[in-house]
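Here the structure comes first, spelled out in structure tokens, and everything after it is commentary.
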Amino acid sequence: MKDLSNYPHPITDLFPQPKSRQDWDQYRLSNEQVEFFNEQGYLSGIKLLDEKQIETLKKELEEVADPKHQLHHLFHEFHSNESSDPDTVLFHSLGHWRISKAFHDVIWNPAFLMAAHQLLGEKGVRFWHDQLFCKPAHHGGVVAWHQDYSYWTRTVEMQHLTCWCGLDDATIENGCIYYVPGSHKWGLLQKPSLAGQMEGLLEFLTPEQKEAFKPIPVELKAGYATFHHPLMVHGSYENKSNRSRRAFVLNVFADGTVSNTDEELLKGVPVISKGNKMEGQFFPLLFSPNLA
């Protein structure tokens, strides 16, 4: 059993790698899709996974979610239940790419990397960290309204991107993600508790922002992803349905991002001094512009 962060490349054949620029082209987003992302702050409905990949990731999720897993100490965070409501459950973890071969290799999924490259303004794509969010049937908890970058100011400049991908169909009934279109233009807001009160962020909004606060649900079939800007206001409601809602998140930033702290960036990761480039074992370069 090894720490898979030591391998800055795919280690299985689950996600075949393009051999040429022409091979990469099949994954390119249209100009209209990129323009929509820039204007609205998100882009949804991007297929990332086939059935075999979904089933492999589901199997390995079940394995890494076991608190008794022998590599459990490699997680940056592990919350069997991060919900502030004792009657609901929100499983949330960071760092499973270090433990699971499939979650290690999904970071190099070419469909994800080409979209990330384009949405980051055609820049190089460097790994930040991964997340798992799982809401069990009947009592899955909320993810409160928030902006991702409000938790990431320890890295600058703000040139980050989030990709959320479901392993189950995500619907209104089982707690799909919601966006507030255009909210990525509101600037950086105060930081609420991620698994606290759903509406906690609203107390920090101006009257104008409250007026424009019109969330829309993003329902997705399993294997499809949604990308969003680091300042996009988003969240998800409870899962009271009879179906689970399992999803993974890939967070990346443009190559050239630097540390903004002299403290630990992620639990168990060596300090990168303030002003120094984010790179090395835990922040590998995933995609270089010369591949596109």
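The values are calculated or read from the model by the stated rules, or taken from the named source; none is laboratory data. These figures come from a predicted structure and were not determined experimentally. Quick reminder, even Gly has a Cβ in these numbers, built from the backbone with ideal geometry, and neighbours come from all protein chains shown. Please note that ligands, DNA and RNA were not included when accessible areas were found on the heavy atoms of the full protein model with its side chains. Shrake-Rupley method; radii C 1.70, N 1.55, O 1.52, S 1.80 Å.
Structural remarks
- Selection within region 227-259 - under 22 Å from residue 104 (Cα atoms) and hydrophobic (A, V, I, L, M, F, W, C): 227, 247, 248, 249, 250, 252, 253, 254
- Of all the criteria given as (1) touching a Leu at 6+ places or on another chain (Cβ under 8 Å); (2) closer than 17 Å to residue 120 by Cα, the one not satisfied by residue 290 is (1).
- Residue in region 12-27 that is among the hydrophobic types (A, V, I, L, M, F, W, C), under 30 Å from residue 216 (Cβ atoms) and modelled with pLDDT of 95 or more present: no
- For region 222-229, the criterion of being over 17 Å from the mean Cα position of the chain (by Cα) and open to solvent by 10 Å² or more (accessible area, probe 1.4 Å) is met by none of the residues.
- Which numbered condition residue 34 misses (of (1) assigned to a loop (DSSP other than H, G, I, E, B); (2) in contact (Cβ under 8 Å) with a residue 12 or more places away in the chain): (1)
- Scanning region 237-279 for residues that are part of a strand (DSSP E or B) and over 14 Å from the mean Cα position of the chain (by Cα), we see that the one that is nearest to residue 185 (Cα to Cα) is 254.
- Some residue of region 171-178 being among the β-branched types (Val, Ile, Thr) and closer than 28 Å to residue 265 by Cα: yes
- Test: residue in region 275-289 that is touching a helix residue (DSSP H, G or I) at 6+ places or on another chain (Cβ under 6 Å), in contact (Cβ under 8 Å) with a residue 60 or more places away in the chain and open to solvent by 60 Å² or more (accessible area, probe 1.4 Å): yes
- Inter-residue pairs, beta-carbon under 8 Å, first among the polar types (S, T, N, Q) and in region 1-16, second open to solvent by 60 Å² or more (accessible area, probe 1.4 Å), 6+ apart: 5/281; 6/281; 12/101
- Candidates 103, 133, 112, 127 - the one that is in contact with a helix residue (DSSP H, G or I) (Cβ under 7 Å, 6 or more places away or on another chain) and within 22 Å of residue 229 (Cβ to Cβ): 127
- Scan of region 1-22 for residues that are assigned to a loop (DSSP other than H, G, I, E, B) and among the charged types (D, E, K, R), ordered by number: 2, 3, 13, 19
- A search for C-beta distances below 9 Å between a residue of region 254-270 that is on the phi < 0 side of the Ramachandran plot and any residue that is outside any loop (DSSP other than H, G, I, E, B) and acidic (Asp, Glu), counting only pairs 6+ apart in sequence or on different chains, returns 266/77; 267/77.
Conditions (1) touching a His at 6+ places or on another chain (Cβ under 8 Å); (2) among the β-branched types (Val, Ile, Thr); (3) open to solvent by less than 30 Å² (accessible area, probe 1.4 Å); (4) at pLDDT below 95, marked per residue:
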| site | (1), (2), (3), (4) |
| --- | --- |
| 37 | yes, no, yes, no |
| 59 | no, no, no, no |
| 64 | yes, yes, yes, yes |
| 67 | no, no, no, yes |
| 81 | no, no, no, yes |
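- Single residue of region 151-170 satisfying the filter (part of a loop (DSSP other than H, G, I, E, B) and in contact with a Lys or Arg (Cβ under 8 Å, 6 or more places away or on another chain)) that is surrounded by the fewest Cβ atoms within 10 Å (Cβ to Cβ): 169
- Against the list (1) surrounded by fewer than 20 Cβ atoms within 10 Å (Cβ to Cβ); (2) farther than 25 Å from residue 183 by Cα; (3) in contact with a strand residue (DSSP E or B) (Cβ under 9 Å, 6 or more places away or on another chain), the condition residue 135 fails is (1).
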